[in-house]
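The block underneath contains the structure these notes are about, expressed in structure tokens.
Since every read-out is calculated from the coordinates, none of them should be taken as a lab result. This one's a predicted model, so the numbers in the text were calculated from it and none came from an experiment. Backbone-built Cβ (ideal geometry, glycine too); neighbour counts: all protein chains shown.
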Amino acid sequence: MRHPKVLTSALATALGLGLAASLGAAPAVAASAPTGVPTAGNTAVAYAGSAEEAKANQAFFDAVVKSVAKKRAAAPGAAAVTVVYSAANAPSFRSQISRSTQIWNSSVVNVRLVEGSNPDFRYYEGNDSRGSYASTDGHGSGYIFLDYRQNQQYNSTRVTAHETGHVLGLPDHYSGPCSELMSGGGPGTSCQNAQPNSQERSRVDQLWRNGLASAFKS
Ligand SMILES: [Zn+2]
């Protein structure tokens, strides 16, 4: 969930934030994610999606699929594909996370999100000039980082459901309309839609038919 490039790189400069600095060390940020009270801000957060970000989204999805596949191999009789998450490190976003879970679970049939122990991915919260994102910790574990300021500027359920869309394998599509969940920050802060559209739903169902099958092979 990022901002259009023009706007945000200018803002990053204005804020004195080094892009190079913020590009590095994602795992360290999440591992030590602060859990303090969100602070209000009047400047927009983060910048546009990059190739780097798309790669992180893909690595994140691969990590989630691998984790799920490992569990299914151990319990081959299980009917539905279940992706387990932990929200323990994102206490301020409990209601958004459970709403996002509800939205996705009522939108797709081939995969199910469930909160539980031994999670396939984790939610974190904190302050990050990059805004919210999905990534891996470099050891094959996926996480979603929810940024305080961005979640105050944008519809917070939309941000959470968008990032969770990456869990399910959807890439960013910032040029899309508000009716698309993966257009993220593209349509601006006024966009309140937190539901995936029909294409996004069928893409996820398709991915979890094929994606999981290919994960089993490796
Ligand atoms: Zn995104």
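Extension gain, VAL114 to ALA74, is 12.6 nm, computed as 0.36 nm per intervening residue step minus the present C-alpha separation.
Ordered by the count of other Cβ atoms within 10 Å of each Cβ, fewest first, CYS191, CYS178 give CYS178, CYS191. Once the convex hull of the C-alpha atoms of the range 69-192 is built, how many Å³ does it hold per residue, rounded to a whole number? It is 110 Å³ per residue.
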